[in-house]
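Please read the structure below before turning to the comments.
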Amino acid sequence: MNRHDSERVAGILARAGWRETREAREADAVIFMTCCVREGAENRVYGHLGDLKTMKQENPGLVIAVGGCMAQKEGERLLERVPHLDLVFGTHQFTGIAELLEEAGREPLSMTGLNGFELGGLPLSRRESFRAWVPITSGCNNYCSYCIVPMVRGVEKSRPRKEILAEVVGLVREGATEINLLGQNVNSYGRDICGRPVFDELLREMDARFPNVWLRFVTSHPRDFSDHIIEAIADCDSVCEHIHLPIQAGSDRVLELMNRGYTKDYFLGRIARLRERVPGCTISTDILLAFPGETEEDFLETLDAVERSAFDSAFTFIYSPREGTPAARLPDSLPRQVKQERFERLQERLRSLTLESNRRDEGRTLEVLVEGPSAKNPAVLTARTRHHKIVNFPGDPELAGRRVMVVVEKAGLWSMQGSLAG
Ligand code: SAH
Ligand code: SF4
């Protein structure tokens, strides 16, 4: 979502006559689009801002801005804490960014109203021509007790279906062959407009209109991941066979404290149903470790859920208290080394599950979307399978953005190696 926000801000600025540069020293303005979901993300922004201090001293005309979630959360406090900062603009302030930069050039400014905004018709400056991100909802109404997102992104709001489809038509015309639908909980799409979620209908409509596009979406919420949605995934050929379904924890006690709205058994039932209806589907997840008061028994429930879900990949986060959330008021007494030790035990199991999943692909011929030369080794191309796994293989950089068939030869943990088929 943050990456997409950057594309919007860059697009709006381009329309206003600004040009992008990769070189901070050449810039008239430097903008950080930020995340505040964990403390670590915020600390990194403070680090980057510190790095710009001398540049601002040498060039007082430089406008430094912080936008997005952290800006929304901190507001004026950011200006106080970082005296060489000029502009703080929140998650609903992107449309006016060009004017805000002008104003902040004269006097420091903080704009953080959560007054809503329309995405329809706003320009985008996309990083990749073949892959596109399309927000279908903004905000979140779930109020998971640990999470700052509803506070900084506002209430859930669905975009009209017509507006989404019009945007996709434009993206496909520009050459997009993979569309990623975005929202904090895409499964509840349409609830605020139609009185009931219609995400399954949106998937079916996208599939009918754009049968040759690979369709992905993040994030699904297990509570709202209905049979209707699973059936739509099973029926729609364009929907890729990979679902990101964050479990967060395996203990019912912790899930309740997290306000997630499901139990471990319910979650496992969703996974079973998905695997039954979409054979071979890969499943990734998010796990939030060391929620306040997490006991060894609670942790073992998470390990058990991981085992029984057989996730193909996972992101694991150690809980960090976020000011203003209900969980931040709970005593967080777990010693650091216990958190770290649980993190490592979990990682070890997750790594072997990922490796097993990748090894199952060895010898298979799979269709992939080529992203371009690999960042680590430009001699090979990097591509993704429909199952969202990375395959590297030797090939012509001209293939970037194209779909080709590759034979998977060797599975690793982070990626697989292969060669062009035929
Ligand atoms: N809406 C999505 C994404 C939320 S943020 C969802 O519901 O999954 C992405 C991930 O960050 C979450 O899945 C959660 O695992 C993690 N996260 C959220 N708040 C956190 C916190 N306070 N500390 C550590 N990780 C957190
Ligand atoms: Fe945060 Fe929960 Fe909303 Fe995801 S669903 S953004 S974790 S409150």
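The values are calculated or read from the model by the stated rules, or taken from the named source; none is laboratory data. In this text the structure is predicted, and so the values were computed from the model without any measurement. No Cβ is skipped: glycine too gets one built from the backbone with ideal geometry, and neighbour counts run over all protein chains shown.
The set of residues from the stretch 270-302 being of a type in the set (D, E, K, R) and within 25 Å of the chain's Cα centre (by Cα) comprises R270, R273, R275, D286. Taking the criterion of being in contact with a strand residue (DSSP E or B) (Cβ under 7 Å, 6 or more places away or on another chain), within 19 Å of L257 (Cα to Cα) and among the hydrophobic types (A, V, I, L, M, F, W, C), the residues of the stretch 298-334 that qualify are F317, I318.
Are any of the residues in the stretch 195-208 in a loop (DSSP other than H, G, I, E, B) and either within 16 Å of ligand 2 (Cβ to nearest atom) or of a type in the set (A, V, I, L, M) (or both)? Yes, the stretch 195-208 contains at least one residue that is in a loop (DSSP other than H, G, I, E, B) and either within 16 Å of ligand 2 (Cβ to nearest atom) or of a type in the set (A, V, I, L, M) (or both).
The number of residues in the stretch 260-289 being within 16 Å of ligand 2 (Cβ to nearest atom) and of a type in the set (G, A, S) comes to 2. Cβ-Cβ contacts under 8 Å between residues 6 or more apart (or on different chains), taken from a first residue in the stretch 127-142 that is closer than 21 Å to G261 by Cβ to a second residue that is among the aliphatic types (A, V, I, L, M) and more than 16 Å from ligand 2 (Cβ to nearest atom), are listed as I136/I164; I136/L202; S138/L119. Filtering the stretch 14-44 to residues that are part of a helix (DSSP H, G or I) and within 16 Å of ligand 1 (Cβ to nearest atom) leaves E39, G40, A41, E42, N43, R44. Candidates are the residues of the stretch 122-167 that are within 18 Å of the chain's Cα centre (by Cα) and among the acidic types (D, E); the one that is farthest from ligand 1 (Cβ to nearest atom) is E128. Among the criteria (1) away from ligand 2 (no atom under 16 Å from the Cβ); (2) in contact (Cβ under 8 Å) with a residue 40 or more places away in the chain; (3) surrounded by 14 or more Cβ atoms within 10 Å (Cβ to Cβ), the one A327 does not fulfil is (1).
Within the stretch 304-324, if we keep just the residues that are within 25 Å of V239 (Cβ to Cβ) and within 16 Å of ligand 2 (Cβ to nearest atom), the residue that is surrounded by the fewest Cβ atoms within 10 Å (Cβ to Cβ) turns out to be F315.
Cβ-Cβ distances below 7 Å connect the following pairs, each with a first residue in the stretch 166-183 that is over 13 Å from N212 (Cβ atoms), a second residue that is within 16 Å of ligand 2 (Cβ to nearest atom) and outside any strand (DSSP E or B), and a separation of six or more residues or different chains: L181/I136; L182/M1; L182/H4; L182/I136; G183/I136; G183/Y189. Considering only residues that are without any contact (Cβ under 8 Å) to a residue 40 or more places away in the chain and loosely packed, with under 15 Cβ neighbours inside 10 Å, which ones fall in the stretch 49-69? Matches in the stretch 49-69: G50, D51, K53, T54, Q57, E58, N59, P60. In the stretch 174-188, the residue that is farthest from the chain's Cα centre (by Cα) out of those that are within 16 Å of ligand 2 (Cβ to nearest atom) and part of a strand (DSSP E or B) is L181.
Restricting E76, E80, E107 to residues that are more than 26 Å from V37 (Cβ to Cβ) and over 21 Å from the mean Cα position of the chain (by Cα) narrows the list to E107. Does the stretch 110-117 include one or more residues that are farther than 28 Å from E163 by Cα and not β-branched (V, I, T)? Yes: the stretch 110-117 contains one or more residues that are farther than 28 Å from E163 by Cα and not β-branched (V, I, T).
The residues in the stretch 373-400 that are at positive phi and modelled with pLDDT under 95 can be counted, and the count is 0. In this structure, is R223 surrounded by fewer than 20 Cβ atoms within 10 Å (Cβ to Cβ) and within 13 Å of ligand 1 (Cβ to nearest atom)? Considered against the rule, which asks whether it is surrounded by fewer than 20 Cβ atoms within 10 Å (Cβ to Cβ) and within 13 Å of ligand 1 (Cβ to nearest atom), R223 comes out as yes.
Only residues that are surrounded by fewer than 17 Cβ atoms within 10 Å (Cβ to Cβ) and over 21 Å from H244 (Cβ atoms) were counted in the stretch 285-303, giving 5. Within the stretch 156-174, not a single residue is at positive phi, at pLDDT 95 or above and of a type in the set (G, A, S).
For the stretch 314-336, residues that are more than 14 Å from ligand 1 (Cβ to nearest atom) and among the small types (G, A, S) total 1. In the stretch 265-288, the residues that are without any contact (Cβ under 8 Å) to a residue 40 or more places away in the chain and part of a helix (DSSP H, G or I) reach residues that are of a type outside the set (K, R) and within 16 Å of ligand 1 (Cβ to nearest atom) with C-beta atoms within less than 6 angstrom, at least six apart or across chains, in these pairs: I271/S309.
Annotation: V254 fulfils all but one of (1) more than 15 Å from ligand 2 (Cβ to nearest atom); (2) assigned to a helix (DSSP H, G or I); the unmet one is (1).
Consider the stretch 366-397 and keep the residues that are polar (S, T, N, Q) and surrounded by 13 or more Cβ atoms within 10 Å (Cβ to Cβ). The one that is nearest to T285 (Cα to Cα) is T385.
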